[in-house]
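Notes to accompany the following structure.
The values are calculated or read from the model by the stated rules, or taken from the named source; none is laboratory data. Bear in mind the structure is a predicted one, so any value in this text is a computation, not a measurement. Backbone-built Cβ (ideal geometry, glycine too); neighbour counts: all protein chains shown.
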Amino acid sequence: MINVTETAAAKISELLTEEQKPGAGLRVFVQGGGCSGFQYGLMIDEGEGDTQSDKVFEVHGVKLMVDPISLRYLKGAEVDFVDNNMGGGFTIKNPNAKSTCGCGSSFSA
């Protein structure tokens, strides 16, 4: 399972409302690249995902979709939203990451 903090869920809901996509969800994925080998990706997904293989989580009223390959790397991860004086953004806390880069957007498994 992937968790979403209440802060991140509120921000996701706010973004979906701004984009006028109330039935959409957030796709969370892992792809090759970044300085540590893998990098995280987040995007609004208006579909139901691939109903044959995607795992869909409903957390704090927000729908998350994850493909099966990404799920292997993201089990137990948490999506959060951090707002600081440098700006705001989504972060992923991943217990499966053996190391991360300095910016936190890439990791090695």
ask   = In the stretch 52-62, how many residues are in a loop (DSSP other than H, G, I, E, B), surrounded by fewer than 18 Cβ atoms within 10 Å (Cβ to Cβ) and out of contact with any helix residue (DSSP H, G or I) (no Cβ under 6 Å at 6 or more places or on another chain)?
value = 2
task = Return the only residue of A9, A24 being under 19 Å from F90 (Cα atoms), modelled with pLDDT of 95 or more and touching a strand residue (DSSP E or B) at 6+ places or on another chain (Cβ under 9 Å).
result = A9
task = May I ask you to list pairs of residues, at least six apart or on different chains, whose Cβ atoms are under 6 Å apart, with the first in the stretch 63-88 being assigned to a strand (DSSP E or B) and surrounded by 12 or more Cβ atoms within 10 Å (Cβ to Cβ) and the second being modelled with pLDDT of 90 or more and hydroxyl-bearing (S, T, Y)?
result = D80/T5; F81/T7
request  = Determine if the stretch 40-51 includes at least one residue that is at pLDDT 90 or above and out of contact with any strand residue (DSSP E or B) (no Cβ under 6 Å at 6 or more places or on another chain).
outcome  = yes
task = Those residues that are free of Cβ contacts under 8 Å to residues at least 60 places away in the same chain, surrounded by 17 or more Cβ atoms within 10 Å (Cβ to Cβ) and more than 15 Å from D80 (Cβ to Cβ), I need them from the stretch 1-47; list them, please.
result = L16, A24, G25, R27, F29, V30, D45
